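Taking it in order: structure first as C-alpha coordinates, then the write-up.
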Amino acid sequence: MKEKMICELFDVVIPKVLCYYEECAAKGSKFICGDKCTIADFCAGGLYVNYFCNPHVGYCKDKF
(Lines give C-alpha, C1' and ligand atoms only; values in the text may rest on other atoms or scores of the structure.)
Protein backbone atom coordinates (compact mmCIF):
# COMPACT_ATOMS: atom_id res chain seq x y z
CA MET A 1 0.00 0.00 0.00
CA LYS A 2 2.74 2.47 0.97
CA GLU A 3 4.70 1.72 -2.22
CA LYS A 4 1.57 2.36 -4.32
CA MET A 5 0.99 5.70 -2.59
CA ILE A 6 4.62 6.74 -3.09
CA CYS A 7 4.44 5.83 -6.78
CA GLU A 8 1.21 7.81 -7.21
CA LEU A 9 2.76 10.79 -5.45
CA PHE A 10 5.83 10.85 -7.68
CA ASP A 11 4.19 9.73 -10.92
CA VAL A 12 0.97 11.76 -10.76
CA VAL A 13 0.73 14.37 -8.01
CA ILE A 14 4.15 16.05 -8.03
CA PRO A 15 4.38 16.30 -11.85
CA LYS A 16 0.90 17.88 -11.92
CA VAL A 17 1.93 20.46 -9.30
CA LEU A 18 5.22 21.20 -11.06
CA CYS A 19 3.37 21.65 -14.35
CA TYR A 20 1.13 24.23 -12.69
CA TYR A 21 4.18 26.04 -11.29
CA GLU A 22 5.72 26.04 -14.76
CA GLU A 23 2.57 27.60 -16.24
CA CYS A 24 2.67 30.32 -13.59
CA ALA A 25 6.34 31.00 -14.28
CA ALA A 26 5.63 31.34 -18.00
CA LYS A 27 3.22 34.20 -17.25
CA GLY A 28 6.11 36.27 -15.92
CA SER A 29 4.71 36.80 -12.44
CA LYS A 30 7.11 37.44 -9.58
CA PHE A 31 5.43 34.74 -7.51
CA ILE A 32 3.26 31.69 -8.21
CA CYS A 33 -0.08 33.48 -7.76
CA GLY A 34 0.84 36.92 -9.01
CA ASP A 35 2.95 39.76 -7.71
CA LYS A 36 2.61 39.02 -4.00
CA CYS A 37 4.10 36.16 -2.00
CA THR A 38 1.42 33.66 -0.89
CA ILE A 39 1.27 30.29 0.83
CA ALA A 40 1.67 28.67 -2.62
CA ASP A 41 5.19 30.08 -2.84
CA PHE A 42 6.06 28.64 0.54
CA CYS A 43 4.65 25.25 -0.50
CA ALA A 44 6.83 25.24 -3.60
CA GLY A 45 9.84 26.29 -1.55
CA GLY A 46 9.08 23.62 1.02
CA LEU A 47 8.90 20.94 -1.66
CA TYR A 48 12.25 22.04 -3.02
CA VAL A 49 14.04 22.34 0.31
CA ASN A 50 12.48 19.38 2.10
CA TYR A 51 12.72 16.89 -0.74
CA PHE A 52 14.94 17.87 -3.64
CA CYS A 53 17.74 19.41 -1.54
CA ASN A 54 17.57 16.99 1.39
CA PRO A 55 20.37 14.38 1.18
CA HIS A 56 18.64 12.27 3.85
CA VAL A 57 15.59 11.48 1.70
CA GLY A 58 16.40 8.13 0.16
CA TYR A 59 13.25 6.99 -1.62
CA CYS A 60 12.47 7.83 -5.24
CA LYS A 61 15.51 10.07 -5.76
CA ASP A 62 15.97 8.42 -9.15
CA LYS A 63 12.65 9.87 -10.37
CA PHE A 64 13.87 13.48 -10.27
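The values are calculated or read from the model by the stated rules, or taken from the named source; none is laboratory data. Since we're looking at a predicted model, the values are computed, not measured. Glycine gets a Cβ as well: all are built from the backbone with ideal geometry, and neighbour counts include every protein chain shown.
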Query raised in the report: Quick one: Ala26 ticks every box in (1) surrounded by 10 or more Cβ atoms within 10 Å (Cβ to Cβ); (2) at pLDDT 80 or above; (3) of a type in the set (A, V, I, L, M) bar one, so which box is it?
Result: (1)
**Report entry** Those residues of the range 1-23 which are of a type outside the set (A, V, I, L, M) and either at positive phi or loosely packed, with under 11 Cβ neighbours inside 10 Å (or both), in sequence order
**Finding:** Lys2, Glu3, Lys4, Lys16, Cys19, Glu22, Glu23
Report task. List the number of the failed condition for Lys36; all other conditions in (1) surrounded by 12 or more Cβ atoms within 10 Å (Cβ to Cβ); (2) part of a loop (DSSP other than H, G, I, E, B); (3) out of contact with any Phe, Trp or Tyr (no Cβ under 9 Å at 6 or more places or on another chain) hold. Result -> (1)
Requested in this report: Scan the range 33-57 for residues that are modelled with pLDDT under 85 and under 15 Å from Leu9 (Cβ atoms) and jot them down.
Outcome: Leu47, Asn50, Tyr51, Phe52, Val57
Requested in this report: For the range 1-33, enumerate the residues that are in a helix (DSSP H, G or I) and among the charged types (D, E, K, R).
Outcome: Lys2, Glu3, Lys4, Glu8, Asp11, Lys16, Glu22, Glu23
**Report entry** Pair list, Cβ under 8 Å, 6 or more apart: the range 1-21 residue over 16 Å from Ile32 (Cβ atoms), other residue at pLDDT below 80 and not hydrophobic (A, V, I, L, M, F, W, C)
**Finding:** Ile6/Tyr59; Phe10/Lys63; Asp11/Lys63
